[in-house]
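Student: Dropping a structure here in structure tokens format, bear with me for questions.
Values quoted throughout were computed directly from the atomic coordinates according to the rules given, and no laboratory measurement underlies them. A quick note: this is a predicted structure, and the numbers were derived from the prediction, not measured. When we count neighbours, we look across all protein chains shown, and the Cβ atoms used for this are built from the backbone with ideal geometry, even at glycine.
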């Protein structure tokens with residue numbers, strides 16, 4: 001496969017892209033196309049499956065095989081695609097409404113089964129296609145068209161659901177950081193199992209600026225922790241801050257050089273740690289008390305559904321006598337009528 | 001048209017069998033008396049061992065009691081039992097030769113241990129295969145342990161506890177055959193009037209057995225069909241659900257498309273899922289999904305990826321799948337949806353049969369959403385119609401709903417085994433030319449599109465649930481929607497060239513045409529036969545293809561003075577026929593009791609119609 005040379009253009013379809021000007025989706029798609037061009041997988045082996053919502057128009061803009069399905073069910077359709085042909089590279093495109101609300105059940109079960117799919121969750125904390133209602137990731141108290149006095153419910157934190165469903169891969173990116181997104185997508189593609197990538201996405205029309213507190217170029221060095229496997233968890237304009245354990249075993253922000261803190265005290269990120277406590281704590285870090293964690297937070301090894309399924313079939317086929325339907329029809333208790 | 005004879009549920013023979021100390025005579029007598037009180041005519045046949053106390057657990061020590069009951073006059077206890085209650089392996093061995101093909105064996109799984117198998121001279125750990133009953137319906141119940149648990153607060157010794165096992169079995173059988181427990185309660189109270197503790201414990205176990213049957217929704221086979229004339233050949237016994245599963249396997253092998261089943265357990269359809277889960281030797285992929293919706297949508301994904309994709313369910317599950325069936329209609333992917341109908345609406349009567357999902361199958365979706373609807377009519381022909389449903393789906397790129405029902409799914413009959421060579425070919429519409437490939441370019445004759453699946457280089461395309469143009473891209477053009485809506489309907493109508501002409505049982509013209517569809521076939525043809533033997537001018541047209549209807553339907557209907565449509569609902573097929581063929585007048589005979597028709601009910605309705 002090494003001889004396959006693609007460019008981003010090879011992954012664009014002839015269709016006009018119809019997202020709103022300034023929509024965060026453009027950058028995410030660009031990162032996906034760059035990723036696919038570089039993976040060395042033949043184009044016909046990709047299948048992009050989406051549900052319903054603005055982001056779910058995604059397959060129409062790709063030159064791969066694509067299926068724009070129904071609301072909330074992309075995960076289940078994609079499961080069927082992958083199980084029918086485990087050789088395919090299957091990508092699920094979903095949003096916070098599609099994946100966390102109507103498709104919440106399929107989402108957790110996909111993650112639990114650990115089917116080898118890559119799922120990109122576009123999280124803009126709002127229903128865009130239906131014009132601005134609150135979603136399962138909308139912050140408590142937030143005013144929208146259907147919560148004119150503010151919501152009275154807490155949001156899902158997608159990473160918590162992934163870990164709660166025994167997820168093996170979770171990463172977080174931002175639409176505007178294409179380079180980060182691309183490196184995460186590459187890592188997701190290499191992961192065996194369900195890879196969930198939450199991308200904080202800006203809806204310019206119905207929730208413009210919802211992630212600004214974190215993404216604003218002026219402050220982002222202070223408010224974003226970009227994790228790298230094997231590297232200390234440092235952030236700040238001069239990487240002068242880091243994450244440490246406090247005396248109760250909880251995460252805490254520390255400044256190197258203050259209170260005797262040295263670089264050696266800063267936690268080193270281990271995405272392969274099976275025990276989920278630190279990964280969960282990283283997922284839970286929220287501005288303003290903490291920087292928000294980005295990058296690959298969790299990438300651990302566990303049995304993969306589609307691999308196990310094929311192995312089981314092969315194993316049974318080796319031991320059983322029935323090789324074709326005629327064998328089956330004649331098996332067991334039969335009798336002759338003369 | 002296949003001629004069959006139906007043995008109806010009201011003529012069921014049950015054989016209770018256990019150690020001579022197990023109290024089987026009392027159990028059988030009490031069940032008989034309860035049945036007689038219930039209004040059944042009964043005939044009983046006690047089968048004592050010659051030695052009253054032969055060694056426990058041996059074949060010589062088995063005591064049996066057979067009762068046959070029915071609404072008609074019963075003169076014999078039934079040569080062969082339909083249901084065997086076996087308290088131990090010896091009881092199984094002693095009674096194996098008295099079993100009807102396709103019967104049910106309820107047995108105390110706790111007693112089927114190595115020691116008892118040896119005592120009964122079984123040489124393997126599969127006693128059912130040894131006595132050639134492995135194709136019978138087996139209901140393992142841990143009767144000993146459940147009885148022990150039932151009585152744990154009574155402070156009884158082990159022997160007394162074990163003596164109550166028969167009451168558990170009796171309670172279970174009473175549930176399965178709808179027998180109220182009042183009579184038995186009273187009998188026990190009277191018999192043990194001086195030992196209220198004994199009465200209380202027996203009644204407790206009896207009711208626990210009854211409730212166990214209810215909780216586990218244990219069912220009995222509703223009927224057994226026997227061919228009236230048996231052709232030469234190799235036969236086996238098969239239930240409708242197994243036949244459905246095997247028909248799908250045959251279609252997969254014939255078409256060269258791997259079989260994928262996405263399904264969620266639901267009574268009475270689950271057996272199709274479990275039967276196919278067992279067939280990994282044939283490479284089947286079964287996916288037990290998290291719900292009905294994931295069952296069908298995973299199947300749609302597998303279809304997109306090139307498999308023969310199937311989902312199986314029963315009424316409430318079909319309702320949950322509605323939106324996804326619409327996606328399969330719009331995207332035009334091949335899909336088989338099997339609905340083993342049960343009593344509705346809502347949770348309804350899960351273990352009882354009904355034909356009330358016909359309109360749901362035909363119309364139960366948003367938008368104009370035509371699908372092919374096919375119905376099986378006997379347990380064994382579920383094989384053929386599952387095969388044909390798959391053939392239509394794969395050759396015409398269309399979803400097909402196959403309707404069976406609880407009556408067919410759980411019922412069984414002897415079946416002359418076909419060979420794969422006898423079955424017609426299935427040619428999926430695989431795309432072959434990548435140049436100018438368009439996802440929705442169509443065969444001008446059938447209107448079916450081509451199937452190009454991920455992995456086929458040069459055929460990359462997008463499909464979805466939005467209205468689309470020929471290339472598969474989204475289109476909101478008004479004229480395009482009209483054209484595509486017409487095409488989707490016409491594509492289904494053109495399946496008619498795969499549908500055989502309607503065959504008649506009886507003369508091709510006459511006074512009354514009896515019409516049935518699906519699982520009522522056995523009773524319909526029995527009624528038609530008896531009416532004709534009485535010299536009446538009655539013919540039967542029984543439908544397996546509902547949409548589209550066979551080409552000659554109008555011609556057939558036109559040759560009769562009166563038409564009567566019989567079905568287990570309030571008149572859904574009759575209503576459908578009125579809308580599709582409004583030039584005829586349709587009388588109806590309907591039943592909604594969770595039970596099949598009786599032959600007599602159908603005959604009475606025809607008598608009445610002929611008098612009018």
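Student: Quick one: grab Rg to one decimal and Dmax as a whole number for chain B, Cα atoms only, in Å.
Tutor: Rg then Dmax for chain B, in Å: 26.7, 92.
Student: Report, to the nearest 10°, how far helix A:305-319 tilts away from the longest principal axis of the Cα atoms in chain A, using its own Cα long axis and a range of 0 to 90°.
Tutor: Computed tilt is about 20 degrees.
Student: Consider just the alpha-carbon atoms of the range B:228-422 and return their Rg together with their Dmax, both in angstrom.
Tutor: When restricted to Cα atoms, the range B:228-422 yields Rg and Dmax of 15.4, 50 Å.
Student: Something else: Could you give the angle, 0 to 90 degrees to the nearest 10, between helix B:521-533's Cα long axis and the longest principal axis of the Cα atoms of chain B?
Tutor: 80 degrees
Student: Hey, another quick one. Give the relative contact order (percent, whole number) for chain A; include only Cα pairs under 8 Å separated by 6+ residues.
Tutor: Worked out over chain A, it gives 14 percent.
Student: Counting only DSSP beta bridges with both residues in the range B:9-215, what percent are antiparallel, rounded to the nearest 5?
Tutor: Here the share of antiparallel DSSP bridges comes out near 50 percent.
Student: What is the gain in length, in nm to one decimal, between residue A:314 and residue A:4 on full extension, counting 0.36 nm per residue of separation less the C-alpha to C-alpha distance?
Tutor: 108.5 nm is the gain from fully extending residue A:314 to residue A:4.
Student: Additional query: May I ask for the angle, rounded to the nearest 10°, between helix A:178-190 and the longest principal axis of chain A, with both axes built from Cα atoms and the value confined to 0 to 90°?
Tutor: 30 degrees
Student: Using label points projected 7 Å from each Cα along Cα→Cβ, tell me how many nm separate residue A:324 and residue B:363, to one decimal.
Tutor: 4.6 nm
Student: What ranking of B:231, A:198, A:186 emerges when the number of other C-beta atoms within 10 Å of each C-beta is taken as an exposure proxy, fewest first?
Tutor: The order, fewest Cβ neighbours first, is B:231, A:186, A:198.
Student: What would the Debye formula give as log10 I(q)/I(0) at q = 0.14, 0.18 Å⁻¹ for the alpha-carbon point model of the range B:9-215, no solvent?
Tutor: After summing over all Cα pairs, the log10 values are -0.79, -1.31.
Student: Exposure proxy check: B:537, A:187 ranked by fewest other beta carbons within 10 Å?
Tutor: By the 10 Å Cβ count, ascending, the order reads B:537, A:187.
Student: Also: Where the centre of each part is set by its Cα atoms, how far does the range A:319-338 sit from the range B:106-173, in angstrom?
Tutor: 30 Å
Student: Need one number: % antiparallel among DSSP beta bridges in the protein assembly as shown, to the nearest 5.
Tutor: 35 percent
Student: Cut-off is 10 Å between beta-carbons; in what order do A:82, B:559, B:204, B:391 appear when sorted fewest neighbours first?
Tutor: In increasing order of surrounding Cβ atoms, one gets B:559, B:204, B:391, A:82.
Student: I would also like to ask the following. Evaluate Rg over Rh across the protein assembly as shown, taking Cα atoms for both radii and Kirkwood's formula for Rh.
Tutor: With Rg and the Kirkwood Rh in hand, the quotient comes to 1.04.
Student: Now for a separate question. Given the C-alpha centroids of the range A:15-48 and the range B:483-542, what is the distance between them in whole angstrom?
Tutor: So the separation of the two Cα centres works out to 54 Å.
Student: What's the average, rounded to a whole number, of partner chain beta-carbon atoms within 10 Å of each residue's beta-carbon in B:240-247?
Tutor: Neighbouring Cβ atoms belonging to other protein chains average 1 per residue here.
Student: Would you work out the Kirkwood radius for the range A:147-198? I mean one over the mean of 1/r across all pairs of different Cα atoms, in Å.
Tutor: Answer for the range A:147-198: a Kirkwood hydrodynamic radius of 12.7 Å.
Student: Hey, another quick one. Project the alpha carbons of chain A onto their principal axes and report the range along each, largest first, in whole Å.
Tutor: Ordered largest first, chain A gives principal extents of 95, 49, 46 Å.
Student: Quote to one decimal, in nm, the extra length available between residue B:291 and residue B:126 on full extension: 0.36 nm per residue of separation minus the C-alpha distance between them.
Tutor: Here the segment from residue B:291 to residue B:126 would lengthen by 56.0 nm.
Student: Rounded to two decimal places and with Rh computed the Kirkwood way over Cα pairs, what is Rg over Rh for the range A:160-287?
Tutor: 0.97
Student: Now for a different question. Considering every residue in A:305-315, what mean count of other chain Cβ atoms within 10 Å of its Cβ is obtained?
Tutor: The shielding value for this peptide is 2.
Student: May I ask for the percentage of alpha-carbon pairs in the range A:84-243 that lie more than 28 Å from each other?
Tutor: Within the range A:84-243, distances greater than 28 Å cover 26 percent of Cα pairs.
Student: Using Cα centres only, tell me the gap between the range A:183-236 and the range A:116-133 in whole Å.
Tutor: Answer, in whole Å: 15.
Student: Highest mean first, how do B:304-311, B:503-510 rank when packing is the count of other Cβ atoms within 10 Å averaged over residues?
Tutor: My ranking of the peptides, most packed first, is B:304-311, B:503-510.
Student: While we're looking at this one, here's another question. Go through A:134-145, A:155-166 and give me the packing order, highest mean Cβ count within 10 Å leading.
Tutor: Sorting A:134-145, A:155-166 by mean packing, highest first, produces A:155-166, A:134-145.
Student: How much FRET efficiency would the formula 1/(1 + (r/R0)^6) give for residue B:149 and residue A:190, where r is the Cβ-Cβ distance and R0 is 51 Å, rounded to 0.05?
Tutor: The pair residue B:149/residue A:190 has a calculated efficiency of 0.45.
Student: Only bridges whose two residues both fall in chain A count here: according to DSSP, what percent of them are antiparallel, nearest 5?
Tutor: Percentage antiparallel, nearest 5: 35.
Student: Principal axes first, then extents: for the Cα atoms of the range B:504-611, list largest minus smallest coordinate on each axis, whole Å, largest first.
Tutor: 32, 31, 23
Student: While we're here: What nm distance separates the two modelled labels at residue A:87 and residue A:131, each placed 7 Å from Cα along Cα→Cβ?
Tutor: 4.8 nm
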